[in-house]
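The values are calculated or read from the model by the stated rules, or taken from the named source; none is laboratory data. In this text the structure is predicted, and so the values were computed from the model without any measurement. Cβ sites come from the backbone with ideal geometry, for glycine too, and all protein chains shown count toward neighbours.
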Amino acid sequence: MRLLIVGASGQLGGHLLALARAAGHAAVGTYATVPQPGLARLALEEGAALEAAVVDTRPDAVVLCAGWTWVDANEDDPARSYRVNRDQPLALARAAAAAGAAFAFFSTDYVFDGAAGPYDEDAAPRPISVYGRAKLEAEEGLRALASGGARVLVLRTTTVFGPEAQGKNFAYQALRRLTAGERLVVPDDQLSTPSYGPDVAAATLALLERREAGTWNLAGPDLLDRAAFARLLAEVWGLDPALVEGRATAALGQKAARPLRGGLRTDKLRAAGLPVRGARAGLEALRAHLTPGT
Ligand SMILES: NC(=O)c1ccc[n+]([C@@H]2O[C@H](COP(=O)([O-])OP(=O)(O)OC[C@H]3O[C@@H](n4cnc5c(N)ncnc54)[C@H](OP(=O)(O)O)[C@@H]3O)[C@@H](O)[C@H]2O)c1
């Protein structure tokens, strides 16, 4: 396959690029603000450049791993959120369809209200934040394109962690604080299903290779709140779990509302033989990556 991976300087895009190349696919990756060797610059805001990238690459599939993922900032700037998380993804999907390429888009359990998670692929969405609404409206636009014949994958994931070039994900943030002996205040009432990034990327590649389409949940099997996840991390690293201080979301003053009982069910993914490992196994793999030989 020829792949165009937009957002390859990020967590999921970085894993996908590496896996695709290792599997012998021809993959072009892009970055927006954090240059990395071998990546081309491409910003979602630059519409003509998006179309040109698709035309120049002649891909079999375009994978959009880029997005504006800062949920609280999305709440403050809905216009930018809809532009970057809905309109430009749809423009890229149209360009992919016009070139006869499949299109894969990453969405989130934030399309749900968090009243009754974890959610399967057919659950009724009801976003409670600007970020969640923009992602859902992108999903809806993509399904409309698919009904016109485009091959589209909507891949929902949540709380992605694992090795990452930029070291931004929650596991790295928690590790930095706990290693420094600092207190870590995190919500203890936001449930999700933490998802090991390399497995999410591997499942993505497999779905593309199998020419699958439709909506898929790509997530881990364990339903955990943030504080429980951070304590598990402390345990895996032999750090002090008492440094983790759980608080109610209501007391944290986060700008955007969060789904409290979130998370994603993955029966469909497991039936396809594409499991994502559990939280402990994922954290152990991250530890082995960061401290080889220990
Ligand atoms: N991480 C999670 O827990 C999670 C959960 C649910 C859904 N998702 C979705 O999964 C996707 C990938 O997430 P991730 O964790 O891999 O994200 P990430 O590590 O933050 O990476 C985001 C990527 O997007 C690029 N990017 C950001 N703004 C861009 C723009 N305006 N134009 C072009 N590229 C841009 C970044 O480039 P630079 O770094 O070079 O600027 C980076 O390569 C996102 O759509 C996100 O919404 C993630």
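If Leu208 satisfies every condition in (1) touching a Gly at 6+ places or on another chain (Cβ under 9 Å); (2) in contact (Cβ under 8 Å) with a residue 60 or more places away in the chain; (3) assigned to a helix (DSSP H, G or I) but one, which is the exception?
Single failed check for Leu208: (1).
Regarding the range 55-78, can at least one residue be identified that is touching a helix residue (DSSP H, G or I) at 6+ places or on another chain (Cβ under 6 Å), surrounded by fewer than 18 Cβ atoms within 10 Å (Cβ to Cβ), in the same structural domain as Arg211 (by TED's automatic domain parsing) and over 29 Å from Phe170 (Cα atoms)?
Scanning the range 55-78 turns up no residue that is touching a helix residue (DSSP H, G or I) at 6+ places or on another chain (Cβ under 6 Å), surrounded by fewer than 18 Cβ atoms within 10 Å (Cβ to Cβ), in the same structural domain as Arg211 (by TED's automatic domain parsing) and over 29 Å from Phe170 (Cα atoms).
Checking Asp199 against (1) charged (D, E, K, R); (2) buried (at least 21 other Cβ atoms within 10 Å of the Cβ); (3) within 26 Å of Ala91 (Cα to Cα), which test does it fail?
All conditions pass for Asp199, except number (3).
Restricting to the range 88-135, give me the number of residues that are surrounded by 23 or more Cβ atoms within 10 Å (Cβ to Cβ) and of a type in the set (Asp, Glu).
1
Just to be sure, is Pro35 assigned by TED's automatic domain parsing to the domain that holds Leu208, out of contact with any helix residue (DSSP H, G or I) (no Cβ under 9 Å at 6 or more places or on another chain) and within 9 Å of the ligand (Cβ to nearest atom)?
Against the criterion (assigned by TED's automatic domain parsing to the domain that holds Leu208, out of contact with any helix residue (DSSP H, G or I) (no Cβ under 9 Å at 6 or more places or on another chain) and within 9 Å of the ligand (Cβ to nearest atom)), Pro35 qualifies.
Looking at the range 1-9, is at least one residue farther than 14 Å from Ala202 by Cα and surrounded by fewer than 21 Cβ atoms within 10 Å (Cβ to Cβ)?
Yes; the residues of the range 1-9 include at least one that is farther than 14 Å from Ala202 by Cα and surrounded by fewer than 21 Cβ atoms within 10 Å (Cβ to Cβ).
Give the number of residues within the range 130-176 that are more than 14 Å from the ligand (Cβ to nearest atom) and not in a strand (DSSP E or B).
13
Out of the range 117-138, which residues are touching a helix residue (DSSP H, G or I) at 6+ places or on another chain (Cβ under 7 Å) and under 30 Å from Gly100 (Cβ atoms)?
Glu121, Pro125, Ala134, Lys135, Leu136, Glu137, Ala138
Pick from Leu17, Leu50, Leu4: which is under 19 Å from the mean Cα position of the chain (by Cα), under 21 Å from Glu139 (Cβ atoms) and within 13 Å of the ligand (Cβ to nearest atom)?
Leu4
Checking the conditions here, which among Ala281, Ala288 is in contact with a strand residue (DSSP E or B) (Cβ under 8 Å, 6 or more places away or on another chain), outside any loop (DSSP other than H, G, I, E, B) and at pLDDT 95 or above?
Checking each option against the conditions leaves just Ala281.
Mind checking whether some residue in the range 136-148 is among the polar types (S, T, N, Q), modelled with pLDDT of 95 or more and surrounded by 22 or more Cβ atoms within 10 Å (Cβ to Cβ)?
No, there is no match, as no residue in the range 136-148 is among the polar types (S, T, N, Q), modelled with pLDDT of 95 or more and surrounded by 22 or more Cβ atoms within 10 Å (Cβ to Cβ).
What number of residues within the range 226-246 satisfy the criterion of being out of contact with any helix residue (DSSP H, G or I) (no Cβ under 8 Å at 6 or more places or on another chain) and surrounded by fewer than 20 Cβ atoms within 10 Å (Cβ to Cβ)?
Result for the range 226-246: 3.
Given Glu75, Glu121, which one is within 18 Å of the chain's Cα centre (by Cα), of a type in the set (D, E, K, R) and either more than 13 Å from the ligand (Cβ to nearest atom) or under 29 Å from Leu39 (Cβ atoms) (or both)?
Being within 18 Å of the chain's Cα centre (by Cα), of a type in the set (D, E, K, R) and either more than 13 Å from the ligand (Cβ to nearest atom) or under 29 Å from Leu39 (Cβ atoms) (or both) holds for just one of Glu75, Glu121, which is Glu121.
What helices (runs of 4 or more DSSP H), lying completely within the range 18-92, carry at least 3 residues that are without any contact (Cβ under 8 Å) to a residue 40 or more places away in the chain and out of contact with any strand residue (DSSP E or B) (no Cβ under 7 Å at 6 or more places or on another chain)?
Helices (runs of 4 or more DSSP H) meeting the threshold: 47-57.
If you go through the range 177-190 one residue at a time, how many are outside any helix (DSSP H, G or I) and either within 30 Å of Leu90 (Cα to Cα) or among the polar types (S, T, N, Q) (or both)? Break it down stepwise before answering.
Within the range 177-190, the first condition is being outside any helix (DSSP H, G or I), and the residues that meet it are 180-190.
Checking which are either within 30 Å of Leu90 (Cα to Cα) or among the polar types (S, T, N, Q) (or both) leaves us with 190.
Result for the range 177-190: 1.
If Arg177 passes every condition in (1) touching a residue at least 12 places away in the same chain (Cβ under 8 Å); (2) over 22 Å from Pro292 (Cα atoms); (3) buried (at least 16 other Cβ atoms within 10 Å of the Cβ); (4) out of contact with any helix residue (DSSP H, G or I) (no Cβ under 7 Å at 6 or more places or on another chain) but one, which one does it miss?
With respect to (1) touching a residue at least 12 places away in the same chain (Cβ under 8 Å); (2) over 22 Å from Pro292 (Cα atoms); (3) buried (at least 16 other Cβ atoms within 10 Å of the Cβ); (4) out of contact with any helix residue (DSSP H, G or I) (no Cβ under 7 Å at 6 or more places or on another chain), Arg177 is out only on (2).
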